[in-house]
Amino acid sequence: MSTDKPRSLSGSRKGKLRYTLRGGFDFDTMGHARYHELRKFVKKGNDFCKELGNIMQERVELELHYAKTMSKLSAKLMKAAQKGIGSIQKAWLVIGKEMETDGQAHRCIANSLEDDIVKPLKNLQETHCRIKKTVECNVSKTKKCMNKWRTDERRSKKESFTVARENEKVQDMTSDASYSILTSNANLAKDATKLENKKRKLEESVKKSYTEYYTYCVRTARAKLEWEMSVNDAEKNFMALEEERLLRLKEYAHHVSQTYQQFVPKISQLSSRLTEPTYECNVSQDFTIITDTVNRYDEDLSVQVLPDFYPEHTNLAMNKKRRITALTKILQLVRQDLDRERRSKKGLDTLANAMHHHASGLKHDDSHKNVYEKLHHTNLMILYLEAVNYKVVTALATLEGHPPAAASNAFSQHIETTRDKNGYQMSVLKVRIFVRDTCANCQSPRPDIIFMLSPMIYLSVLLLSRCPRRCARSSRRQRPSTS
């Protein structure tokens, strides 16, 4: 008897064996690792196609949302830009139109991706999934049939071995020497007859078990061949599916590349169309248009509501003596404020002269601008107080029987009398800029600080310096004696 030990299976081969519940190895699944690997590849490919379809669908929705949003923004921008004039407004109007073009380009991308990638990819994934399911069902069905016949084969084999073992025991008993002694004894002849009958039955059972076991083996072999054929067909189908999937994905990737290549020239054309209107933007020309348009309207009026005191209205009931006394007190208040503003103006003039002489040739900062703005505001306040002084002086002169000539004062033609909501008289001072500026005192501005003043302030300060003493003399001539 040979003492050689049986050769053990290698580790990699053991990994390919599948243990059964009976403790042995299932050799039916050996050699079909290709099928399982291809099945994994097909499953991963289907999952990738499904995920890719969802991603591209989100991309389509994003492009459509972008196109819709750009269309709305384009409409808003065009509506806003149409209200203006000039080259800059025209440039923004063109930008609004091109935003709509940009949105249309993105809408074309969305439609192209949906028609050429998303829908075909979805159909491909569904078709492959259906074929994969059919192939796997066929393999599972043939394998189930093979396993059924394999189970019957093992059961028949067990029964055959059991019957054969019993038969061998009976055969050994009948062939033994003690059996001949047993048959010679008349008392034991009956037992020998039973044993012989059992022997014949066991021989028939052994023959039948062999036939049944052989039949199951043949059927199992046929079932295994059918399963192997289904596995081979499945491998071919899986290989075809993978090849088709890779070809389709290559086509889809190429289509995405072509879509971008077609999109880039559209953006380049859009950029080139925006180049001309943006380069033609002329700020000075547009500002000139605005200035000319504004200067068409004669609305350079400075409106101030002057105080209207009860004693000023001679048509209202009041004692003449008390009226004169009240107007005199009001006139004193107005002249106190007027003197205070004139002193403030004198100080500002001195400060402006000092700043001009000490900072000659230097860059003027915000302090220079603030000084001249305060000087301008002081001049406007003096103008306001002069108008109030004129009203009160005129009322006093009328009460004393000496009405001043209207043409002797520049305020007479710029004070309008109306009624307010309560029905009371309301005096409004409406003085054009050039008239207002000639009725106050101000030194001429320095040429080196003109650039720091706004056009309105400069014009006021410039024209206020033309008659610094004439208005003051006129005002003094019209003031009545307070005694």
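The values are calculated or read from the model by the stated rules, or taken from the named source; none is laboratory data. Since the structure is predicted, the reported quantities are computational estimates derived from the model, not experimental observations. Backbone-built Cβ (ideal geometry, glycine too); neighbour counts: all protein chains shown. Quick note on the areas: whole protein, heavy atoms, side chains included, nothing else; ligands and nucleic acids left out. Shrake-Rupley method; radii C 1.70, N 1.55, O 1.52, S 1.80 Å.
Of the listed requirements (1) modelled with pLDDT under 85; (2) over 21 Å from His414 (Cβ atoms), Arg343 misses just one: (1). Does Arg130 satisfy the criteria of being basic (Lys, Arg), more than 23 Å from Leu241 (Cα to Cα) and surrounded by fewer than 19 Cβ atoms within 10 Å (Cβ to Cβ)? Judged against the criteria, Arg130 is not a match.
When Lys83, Lys79, Lys90 are checked against the criterion of being outside any helix (DSSP H, G or I) and at pLDDT below 90, Lys83 stands alone in meeting it.
Across region 45-53, a minimum of one residue is classified as within 30 Å of Ala234 (Cβ to Cβ), among the hydrophobic types (A, V, I, L, M, F, W, C), part of a helix (DSSP H, G or I) and in contact (Cβ under 8 Å) with a residue 60 or more places away in the chain. Of the numbered criteria (1) open to solvent by 90 Å² or more (accessible area, probe 1.4 Å); (2) touching a helix residue (DSSP H, G or I) at 6+ places or on another chain (Cβ under 7 Å); (3) closer than 30 Å to Thr134 by Cβ; (4) not aliphatic (A, V, I, L, M), the one Glu251 fails is (2). For region 313-323, the count of residues that are closer than 30 Å to Trp92 by Cα, modelled with pLDDT under 85, small (Gly, Ala, Ser) and open to solvent by 50 Å² or more (accessible area, probe 1.4 Å) is zero. The listed residues are Ser156, Ser112, and the only one of them that is within 30 Å of Arg222 (Cα to Cα), out of contact with any strand residue (DSSP E or B) (no Cβ under 7 Å at 6 or more places or on another chain) and among the polar types (S, T, N, Q) turns out to be Ser156.
Residue count for region 201-217, restricted to those that are closer than 14 Å to Gln171 by Cα and open to solvent by less than 60 Å² (accessible area, probe 1.4 Å): 3.
So, in region 230-243, exactly how many residues are open to solvent by 50 Å² or more (accessible area, probe 1.4 Å) and in contact (Cβ under 8 Å) with a residue 12 or more places away in the chain? Number satisfying all stated conditions: 3. Checked against the criterion of being touching a residue at least 24 places away in the same chain (Cβ under 8 Å) and either touching a Cys at 6+ places or on another chain (Cβ under 8 Å) or not in a helix (DSSP H, G or I) (or both), region 216-223 has at least one qualifying residue. In region 23-69, the residue that is modelled with the lowest pLDDT out of those that are more than 38 Å from the chain's Cα centre (by Cα) and among the hydrophobic types (A, V, I, L, M, F, W, C) is Phe25. Pick from region 89-104 the residues that are open to solvent by 60 Å² or more (accessible area, probe 1.4 Å) and under 9 Å from Pro277 (Cα atoms): which of them is nearest to the chain's Cα centre (by Cα)? My answer is Trp92. Might you let me know whether region 218-229 holds any residue that is over 30 Å from His36 (Cα atoms), in contact with a Ser or Thr (Cβ under 9 Å, 6 or more places away or on another chain) and surrounded by 15 or more Cβ atoms within 10 Å (Cβ to Cβ)? No, because not a single residue in region 218-229 is over 30 Å from His36 (Cα atoms), in contact with a Ser or Thr (Cβ under 9 Å, 6 or more places away or on another chain) and surrounded by 15 or more Cβ atoms within 10 Å (Cβ to Cβ).
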